[in-house]
1. Look at region 261-303 and say how many of its residues are more than 27 Å from F132 (Cα to Cα) and either in a loop (DSSP other than H, G, I, E, B) or touching a Cys at 6+ places or on another chain (Cβ under 7 Å) (or both).
2. Return only the number of the condition from (1) more than 15 Å from L142 (Cα to Cα); (2) part of a helix (DSSP H, G or I); (3) without any contact (Cβ under 8 Å) to a residue 60 or more places away in the chain; (4) not acidic (D, E) that A258 does not satisfy.
3. Would it be correct to say that R187 is over 28 Å from F360 (Cβ atoms), charged (D, E, K, R) and not in a helix (DSSP H, G or I)?
4. Quick check: is even one residue across region 404-413 assigned to a helix (DSSP H, G or I), of a type in the set (K, R) and over 22 Å from H70 (Cα atoms)?
5. Based on this model, can you work out whether I107 counts as of a type in the set (V, I, T) and over 30 Å from Q203 (Cα atoms)?
6. When you look at L125, is it aliphatic (A, V, I, L, M), more than 15 Å from A308 (Cβ to Cβ) and surrounded by fewer than 15 Cβ atoms within 10 Å (Cβ to Cβ), yes or no?
7. So which residues in region 103-122 are surrounded by fewer than 20 Cβ atoms within 10 Å (Cβ to Cβ), part of a helix (DSSP H, G or I), in contact (Cβ under 8 Å) with a residue 40 or more places away in the chain and not aliphatic (A, V, I, L, M)?
Amino acid sequence: MSNTNTSPGQQASGKAGEIIGLFQRYVVPSYGRFELVFERGEGAWLWDVNGRRYLDLGAGIAVCALGHAHPELADALAQQARKLIHISNLYYHELQGRLAQQLVERIGPGKVFFANSGAEANEGLYKLARKFGHEEGRFEILTAINSFHGRTLAGIAATGQDKVKKGFSPMVTGFRHIPFNDLEAARSAISPATVAILIEGIQGEGGITPAKPEYLLGLRRLCDEKKLLLLMDGVQCGHYRSGRFQSFQRILEGVPGAEGFLPDGVSMAKSLAGGFPMGAFWVRQPYADLLGPGTHATTFGGTPLACAAALKVLEIIERDNLADNARQTGAFIKEGLQNLAARHPHVIQSVRGLGFMLGFELGPKEKIPGLAASDKTASAQMVDLLHKAGLLTIPSGSQVVRLLPPLNLTKEQAAEGLRLIEKVVQSVA
């Protein structure tokens, strides 16, 4: 099940080996894939082609908000597909208007543009910022060290991680990186060309690091003072993953002075349509009409089929109180991980995150007997071992393992996940 030390297909045999062979011959090798070949899913469970069952606490990297093969979502897609799959954005259709209304009502006064992915949603925010500052010659966007904003050329330039930039120089100009959660660093970095600051509410690929309340409020004041846009990437940390629709809403709960806080733009994707490809960005009034006719477009964004899926996902989340489930069951998992860290501090150094966006940081590899001998990162080894135990998680950098379960994960399933993590931690300790 290694994704680094063996060639794909070396360990797998039978049907799994055949499928991996197809990838070797016909699929661009841009992913370091784990040797797992999945055939079907149901809720929080996945089955591989050999019939082995796995508890999925990765949810397609925070995408499958309702788990796998949710019957109501499947029915909504099938019913809409029989009516209307696609029309051009040269025309109107009811579902896109209704979905935009639902998103605006959950964030604040403004408007929404629909795209296909998080990277595309962020591209829209970059264009919004450039349009905003164009007449004054301002174009520069400050982003955070350890941030992640997608794999397009502008996305990797915006991302504050060198590993995604290798081999793609020269970078798209107009981005500079500043320390996360450091308000004075943001103030000091502003130049005459700066037009916006873009951050994640909770850094995902950067190791599950939430923004501090005082940082968010300080950035809002700073952007108002300097006439900058405050933009937030909610692609991974949004859509109720924190226990509120957007992570900044959860982070600022009950914080004095936070009642009227709003960013100027928010990107969304991943869980938005529960696994159907969809992205979007929201723009606050009075900037919601900056991107007028001809300034931005998409062929597939906001189709009837995608909007039907997204509306059904929102309906089920609200009906089944899944935001509360993310908070309560997420707190249960976090407490369980903290108890495990207290018993094995050399294996798990820290636990962080909110709701169903959690991470546990592993200690130095050389101090963990079961991980020290391999040249693979600690997180990759731990994820491999969890796979063998029947649990899917996501590595985040070299030291952090992410848990991004479906919003409808039950407490019993969470307890099973903790049991499997404890079993692996004990085995390497």
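The values are calculated or read from the model by the stated rules, or taken from the named source; none is laboratory data. All figures in this text were calculated on a predicted structure; none of them were measured in a lab. Every residue, glycine among them, receives a Cβ derived from its backbone with ideal geometry; neighbour counts consider all protein chains shown.
1. 4
2. (2)
3. Numbers: over 28 Å from F360 (Cβ atoms): yes; charged (D, E, K, R): yes; not in a helix (DSSP H, G or I): no.
In short, no.
4. Scanning region 404-413 turns up no residue that is assigned to a helix (DSSP H, G or I), of a type in the set (K, R) and over 22 Å from H70 (Cα atoms).
5. no
6. No, not satisfied.
7. Correct list: R106 only.
Matching residues to (1) small (G, A, S); (2) under 24 Å from D320 (Cβ atoms):
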site: A372; (1), (2): yes, no
site: Q399; (1), (2): no, no
site: A415; (1), (2): yes, yes
site: V424; (1), (2): no, no
